[in-house]
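K.L.:
Below is one structure. I have some questions about it.
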């Protein structure tokens, strides 16, 4: 029989994840006024924010695939998930605020990268318990 306490904790993780994912869409269509269209200027070099964004997504991926599976307590998993989601969501802000308007392809690429990075944190790992209400079981 499912543990109601574990189900509630899993629901919290799913709500946080969905809120962060939907926020990226609200930012892009609210602050960014929709999806960027057009091509980058031929002479436009990638801004340093692009390299920082790639590094942040790499760190977020390491957290998701190497660190979270080893964490067993709910508070640790929650903290790691929020750190990874924050790193992923920051990529959207880089595209909105740090990439010049003459680079719409770069802006769109960062938005998509942010969505994909956030998507990997979907807490499918939150649905299994090992009988201990303070831990998740992987395997």
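Derivation of every value follows stated rules applied to the coordinates shown; laboratory data play no part. Quick caveat, the model's predicted, so the values are computed rather than measured. Counting neighbours? That spans all protein chains shown, and the Cβs are built from the backbone with ideal geometry, glycine included.
K.L.:
At a 10 Å Cβ-Cβ cut-off, how would you order 117, 61, fewest neighbours first? List each step's numbers first, then the result.
P.N.:
On the way: 117 26, 61 17.
Lowest count first: 61, 117.
K.L.:
Continuing with the same structure: Starting from 0.36 nm per residue, how many nanometres of slack lie between residue 98 and residue 82 once their C-alpha separation is accounted for?
P.N.:
Difference between extended and current length: 3.5 nm.
K.L.:
For a protection proxy built on the mean count of beta-carbon atoms within 10 angstrom, sort 87-98, 24-35, 70-81 highest first, please.
P.N.:
Highest to lowest by the protection proxy: 87-98, 70-81, 24-35.
K.L.:
Set the Förster radius R0 to 41 Å, insert the Cβ-Cβ distance between residue 44 and residue 19 as r into 1/(1 + (r/R0)^6), and round the FRET efficiency to 0.05.
P.N.:
My answer for the efficiency is 0.75.
K.L.:
On the Cα set of the stretch 1-113, report Rg and Dmax in Å, please.
P.N.:
So, for the stretch 1-113, Rg and Dmax equal 17.0, 62 Å respectively.
K.L.:
I need the per residue convex hull volume for the stretch 54-104, using only the alpha carbons, in cubic angstrom as a whole number.
P.N.:
Values: hull volume 3.1 nm³, N = 51.
Enclosed volume per residue, from the Cα hull, is 61 Å³.
K.L.:
Next up: Calculate, in nm to one decimal, what residue 120 and residue 73 gain on full extension: separation in residues at 0.36 nm each, minus their alpha carbon distance.
P.N.:
Contour length minus Cα-Cα distance gives 14.9 nm.
K.L.:
Just to confirm the number: angle between the C-alpha axis of helix 104-119 and the first principal axis of the chain, 0 to 90 degrees, nearest 10?
P.N.:
Long axis of 104-119 versus the principal axis of the chain: about 0 degrees.
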